[in-house]
Ligand code: F6R
């Protein structure tokens, strides 16, 4: 959730720390700070709000020092103000932290009883006091951290520097990701490799429970049992370095426009264009014997999984259970023998999804994950990874990762269908051809967005918006509502169109826009009856459909003409207007589109 960085440099590190934090701002942006070792002393600057506030501070009061750590925060404990901003420090030690120290209350009470004074409301400050206490007892910095790590419970990544130690930094990972970077006579740490993209492309990923003692020209990594271990140095992919907005006003706009290309890349990984068949990595089990698929994820990734449920049931005739990860992980659900569990995650680090993966693994399920960050924990703990080739997604609201997830899941559904004999080869080829058409349709749809700018004007006045869809497009209604609320802050809800009359219809009046995802498929007539029910109660209808507007028999406030496509690929195609409506509404309202309030890109706390 928060982003942490650290540099053992050859020149003053503050500018590079700020630069690295900029690449991590997507993880949190309530406050930011850096600390350095200057002439043996620790010094820091912190500021509430966006990174630019910290930059202004540093402009007025620069920090020198060749050893430093930095932090951009998504508040978990304590309000997002300067006092709670990281780094936290004593005279002897300074700490940046991502994650949650679950037993911090006990630790804090014990420390307070011993006379420690806390400055902030954070869980992190307990770590500072604990290390200081051990050092005051005479332990070396390394031994002090080793002793303290054994006392901490929870999921965290830490970066630690010490007064009087210009060539020492300690990194620790337990449940939250951490990458170490190797430079020429320099050493770095970051919450992910993207943070270090401007500094090095040689990365070592810490494993669960690892902690590292870093010097400019050496690195020792210890595992959870304090054994010295070797972790490989890998080369960062080029994609990780491509982190700028190009000609777009926001990352979200750039990422929406990248979809044709990113979907093509993802599909190319799974489709054999020559034979028009699906080519999936070996899942390590006989797919024809599979008894059930269990899908789990959070937020937008969950909605991608929900589309996959419809696809797998329809094209592979295989039962699918799906649940949001924060529920499934605690539900103690019985899972069948010969079951496949599929996890969907852009970041590959979402705490609830990861915990659910571990639960399903312990229950004997084969684990497949659809992830965007291949080096992530979820990817590493899966039996098979179905990567989405969306490239780094920086906008907090997920767009290209969603459609890339759909592309990979579509391939999975067809592979299951073929393995189980539920579709013929001719059907598979027809469905693969339909998938190959997706990038072309989306490119065309992205050529003109003027409709959406007009709609945004109207939607921005609404207090509530409803989204309706049916069948495989019902998840698009959920995704549309989520996208609108997270970036425009307008309350929105998605419903299965058939559910409307079971309650939500009471909300309809002339002030409630109802956005309807209504492709002309076998459920079209049913959806249109629901639209008529809305019209009869004065609701304002925004319809996206490939059927002519007149065929609804109602007066439409807005009509988004959609291309006629194979029903299989509709969710990929209808994702585009759903994203554009939210994007343009947020732009019109002047919200912070890429970094909406209270959110963070990577949710590594539960
Ligand atoms: C919404 C959004 C979130 C994420 C969710 C899961 O736009 O981005 O709902 O989809 O937090 O994150 P990942 O996919 O990283 O597991």
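Laboratory data are not the source of any read-out in this text; all were calculated from the coordinates shown. All of these numbers come straight from a predicted model, not from anything done at the bench. Glycine gets a Cβ as well: all are built from the backbone with ideal geometry, and neighbour counts include every protein chain shown.
Residues of the range 417-446 with backbone nitrogen within less than 13 Å of a virtual label 7 Å along the Cα-to-Cβ line of residue 317, please, listed as ranges. 417-424, by backbone N distance to the label point. To check you understand DSSP bridge types, tell me what percent of the beta bridges within the chain (both residues inside) are antiparallel, rounded to 5. In the chain, DSSP labels about 60 percent of beta bridges as antiparallel.
When both the range 81-149 and the range 248-277 are represented by their alpha-carbon centers, they are found 46 Å apart.
Ordered by the number of other Cβ atoms lying within 10 Å of each residue's own Cβ, fewest first, 152, 328 fall into the sequence 152, 328.
A simple packing score, the average count of other Cβ atoms within 10 Å per residue, orders the peptides 263-269, 122-128, 356-362 as 122-128, 263-269, 356-362, with the highest score first. Under the classification rounded if a/c is under 1.5, otherwise prolate if a/b is larger than b/c and oblate if not, where does the range 471-539 fall, given a ≥ b ≥ c as square roots of the Cα gyration tensor eigenvalues? It is oblate, given that a/c is not under 1.5 and a/b is not larger than b/c.
The sum of -39500 (n - 2.57) across all DSSP H runs of n ≥ 4, divided by the residue count of the chain, sets its helix-only mean residue ellipticity at 222 nm to -10500 deg cm²/dmol. Packing order of peptides 17-27, 93-103, highest average first: 93-103, 17-27 (average count of other Cβ atoms within 10 Å over each peptide's residues). Over the C-alpha atoms of the range 1-114, the Rg to Rh ratio, Rh being the Kirkwood estimate, stands at 0.98. How compact is the range 519-606 by the rule of thumb for globular proteins, expressed as Cα Rg over 2.2 N^0.38 Å? Output field value: 1.37. Alpha-carbon geometry of the range 254-445: the Rg and the Dmax are 15.6, 46 Å, given in that order.
Taking the longest Cα principal axis of the chain as reference, the axis of helix 124-136 is set at about 20 degrees. Potential lengthening of the chain between residue 150 and residue 451 amounts to 102.6 nm, from the contour at 0.36 nm per residue minus the alpha-carbon distance. Separation of the range 40-79 and the range 360-386, taken as the distance between their Cα centroids, equals 36 angstrom. Legend: translational diffusion of the chain by Stokes-Einstein, Rh = Kirkwood radius over C-alpha pairs, 4 °C, 1.567 mPa s; D = 51 µm²/s. Could you tell me how many degrees, from 0 to 90 and to the nearest 10, lie between the Cα long axis of helix 450-459 and the main elongation axis, the longest principal axis, of the Cα atoms of the chain? Taking the Cα atoms of the chain, the angle to 450-459 is about 80 degrees. Ordered by the number of other Cβ atoms lying within 10 Å of each residue's own Cβ, fewest first, 30, 286 fall into the sequence 286, 30.
With respect to the chain, whose longest principal axis is taken over its alpha-carbon atoms, helix 425-436 is tilted by about 60°. Remark: the range 432-489 is approximated by an ellipsoid whose semi-axes, taken from the C-alpha gyration tensor as √(5λ), come to 25, 17, 9 Å, largest first. Estimated from the Cβ-Cβ distance and a Förster radius of 25 angstrom, the FRET efficiency linking residue 136 and residue 106 is about 0.75. Using the average count of surrounding beta-carbon atoms within 10 Å as a protection proxy, the listed peptides 546-559, 289-302, 338-351 rank, highest first, as 338-351, 289-302, 546-559. With a ≥ b ≥ c taken as the square roots of the eigenvalues of the C-alpha gyration tensor of the range 450-589, please select rounded if a/c is under 1.5 and otherwise prolate if a/b is larger than b/c or oblate if it is not? It is rounded, given that a/c, with a ≥ b ≥ c, falls under 1.5.
Using r as the Cβ-Cβ distance of residue 227 and residue 79, and R0 as 60 Å, what FRET efficiency do you calculate, to the nearest 0.05? The pair residue 227/residue 79 has a calculated efficiency of 0.90.
Going by a ≥ b ≥ c, the root eigenvalues of the Cα gyration tensor, does the range 95-138 fall in the rounded group (a/c under 1.5), the prolate group (a/b larger than b/c) or the oblate group? Note, shape of the range 95-138 comes out oblate. Compute the label zone of residue 598 within the range 384-422: residues whose backbone N is under 19 Å from the point 7 Å along Cα-to-Cβ. So the set is 396-398.
Over the range 343-385, the fraction of Cα-Cα pairs per 10 Å bin, rounded to whole percents and listed from the shortest bin up, is 36, 58, 6. Annotation for the range 389-441 versus the range 538-606: alpha-carbon center distance of 20 Å.
Its relative contact order, with pairs defined as Cα atoms under 8 Å and 6+ residues apart, puts the chain at 12 percent.
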